[in-house]
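For reference, the structure is listed below as structure tokens.
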Amino acid sequence: MDSFTPKKIVSELDKYIIGQHSAKKAVAVALRNRWRRQRLSPELKDEVLPKNILMIGPTGVGKTEIARRISRLAAAPFIKVEASKFTEVGYVGRDVESMIRDLTEISVNMVKNEHLEMIREKAKQLAEERLLDLLLPGPRQLRVPEQTDEERAAQHETRERLREQLRSGKLDVRSVEIEVKERSMPFGVISNVGLEDLEMNLKSMLGNLMPEKAKRKKVKVPEALVLLEQEESNRLIDMDKITQEALVRVEQSGIVFVDEIDKIASKGSAQGPDVSREGVQRDLLPIVEGSTVTTKYGPVTTEHILFIAAGAFHIAKPSDLIPELQGRFPIRVELEALGKADFMRILTEPNNALVKQYVALLATEDVTIDFAEDSIEEISEIAALVNDKTENIGARRLHTILEKLLEDISFDAPEKKGDRITIDRNYVRDKLGEIVKDEDLSRYIL
């Protein structure tokens, strides 16, 4: 993070997201403030809390993508949750604390993968040695008398030849019998909403009490190598150390993205679904404020987790949220709706631009697609027009239009190997012109 200044963070986000400079600026400052906080004295460090962000803007303008990309830059545990998925405590459904439990699970897996990467080479070597022992048993395994120097040298030479054959894939067709360990679970919970966590926790708790059963299994050499490597990796890593590191990472750099927060904003009526909506906000409040959530890996304090909430706020307004929750999201950012000029840039500029994706996909069939500049302009114009006439779904409209535009080419691609197809304004109009003119049809198809 040392090299990621706010300007550098914004420039990294620019590679994938067009426009929305104020939102990028807000998240860049929030991320940099975390780095600054780590350099404070221990007394002051605990006092500095993250400034949570509320993003306001229509669907398909880049709210989720900004949060997702920022978590990748920071290599931080990240989870996206829908606020409308949670219910008030006492109702059937998921309670808000489950988002922190899920985030902790993500963090543990992230740290575990990092540790596995560090010991991968060693695990690979150990697995290779164990596999060679199975393919060419040594004197101890065969219970033969002590070998002479010549026999040992011959054995070593044979083993090295076998190693070369193993690495070159010449032994892939051979089968070996290996011993795999597995725990049997004598029960299962018939799942209902909210009971999945109970089943997983029971299985992980009782899993340690159940004895591991050794089972002999005949597999091909490549599969045996993978199974042995996994076994060696699990022996080499220290799960207690991983858990401690993961808990620290969640507490100090975790990011929770709460989408559709406008769907739990109530308008003051105290009956119907509004009661539950306000209840979800009240349950969300202590977690955003800072509380301790019990997870199967240990308690997690949410005080320094960064929360980014987002919503379209078409019907409700941010002021319809309960005042206490509003106060916990001090940074408000409004994202602009996208127009024709933005769509043109979205189609061509980002590293993961849609046009680049479709060109690459069809190139796998040996079909070359060229998008003329006027075709990009026409696609963008149609997207903006349909968004105005029907629901404004932002950049997601481009997916629908491109999929419809290239439907026939994608279908016939295997028979058109070696062809070069140029898509220009006329091609776009031929394919989409009638649908755009008929408003009822465009509502269903585009």
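The values are calculated or read from the model by the stated rules, or taken from the named source; none is laboratory data. Owing to the predicted nature of the structure, the values given are computational and were not obtained by experimental measurement. Note that each Cβ is placed from the backbone with ideal geometry, even for glycine, and that neighbours are counted across all protein chains shown.
Can you pull out the residues in the stretch 332-358 that are crowded, with 17+ Cβ neighbours inside 10 Å and among the β-branched types (Val, Ile, Thr)? Passing the criteria: VAL333, ILE346, VAL355.
Yes or no: THR294 at pLDDT 90 or above, among the hydroxyl-bearing types (Ser, Thr, Tyr) and assigned to a helix (DSSP H, G or I)? Can you show your working first?
Values: at pLDDT 90 or above: yes; among the hydroxyl-bearing types (Ser, Thr, Tyr): yes; assigned to a helix (DSSP H, G or I): no.
In short, no.
A Cβ distance below 6 Å, combined with a sequence gap of six or more or placement on separate chains, defines the contacts here; from the stretch 1-23, residues that are under 23 Å from THR348 (Cβ atoms) and assigned by TED's automatic domain parsing to the domain that holds TRP35 reach residues that are in a loop (DSSP other than H, G, I, E, B) and small (Gly, Ala, Ser) in the pairs ILE17/GLY62; GLN20/GLY62.
Can you tell me which residue is modelled with the lowest pLDDT among those in the stretch 324-344 that are part of a loop (DSSP other than H, G, I, E, B) and over 20 Å from GLU377 (Cβ atoms)?
Of the residues in the stretch 324-344, the ones part of a loop (DSSP other than H, G, I, E, B) are 328-330, 335-339.
Then drop every residue that is not over 20 Å from GLU377 (Cβ atoms), which leaves 328-330, 335-336.
Details: ARG328: 92, PHE329: 93, PRO330: 92, LEU335: 91, GLU336: 88.
Filtering the stretch 324-344 for residues that are part of a loop (DSSP other than H, G, I, E, B) and over 20 Å from GLU377 (Cβ atoms), the one modelled with the lowest pLDDT comes out as GLU336.
Determine whether the stretch 28-51 contains at least one residue that is at pLDDT 90 or above, under 27 Å from MET344 (Cα atoms), out of contact with any His (no Cβ under 9 Å at 6 or more places or on another chain) and assigned to a helix (DSSP H, G or I). The answer is yes, given that some residue of the stretch 28-51 is at pLDDT 90 or above, under 27 Å from MET344 (Cα atoms), out of contact with any His (no Cβ under 9 Å at 6 or more places or on another chain) and assigned to a helix (DSSP H, G or I).
Checking each residue in the stretch 237-266 for being touching a Gly at 6+ places or on another chain (Cβ under 8 Å), more than 16 Å from ILE66 (Cα to Cα) and assigned to a loop (DSSP other than H, G, I, E, B) picks out only ALA265.
Among the listed residues ARG345, ARG328, identify the single one that is under 25 Å from GLY394 (Cα atoms) and over 24 Å from the mean Cα position of the chain (by Cα).
Values: ARG328 fails: under 25 Å from GLY394 (Cα atoms).
Criteria check complete, one pass: ARG345.
Please go through the stretch 370-387 and pick out each residue that is hydrophobic (A, V, I, L, M, F, W, C), crowded, with 17+ Cβ neighbours inside 10 Å and in a helix (DSSP H, G or I). Matches in the stretch 370-387: ILE376, ILE379, ILE382, ALA383, ALA384, VAL386.
Against the list (1) under 27 Å from ALA309 (Cβ atoms); (2) surrounded by 14 or more Cβ atoms within 10 Å (Cβ to Cβ), the condition VAL367 fails is (1). Taken over the stretch 301-323, the criterion of being under 15 Å from GLU278 (Cα atoms) and either in a loop (DSSP other than H, G, I, E, B) or not assigned by TED's automatic domain parsing to the domain that holds PHE257 (or both) is satisfied by ALA316, LYS317, LEU321, ILE322. Remark: THR295 falls outside the filter, which requires a residue to be farther than 30 Å from ILE369 by Cβ and in contact with a Gly (Cβ under 8 Å, 6 or more places away or on another chain). Counting only helices (runs of 4 or more DSSP H) wholly contained in the stretch 111-215, the ones carrying 2 or more residues that are modelled with pLDDT under 65 occupy 139-142, 196-207. Contact annotation: residue pairs with Cβ atoms under 6 Å, 6 or more positions apart or on different chains, pairing a residue in the stretch 69-83 that is in contact (Cβ under 8 Å) with a residue 12 or more places away in the chain with a partner that is in a helix (DSSP H, G or I) and among the polar types (S, T, N, Q), are ALA76/SER253; PRO77/SER107; PHE78/SER71.
Residue count for the stretch 388-424, restricted to those that are without any contact (Cβ under 8 Å) to a residue 40 or more places away in the chain and part of a helix (DSSP H, G or I): 8.
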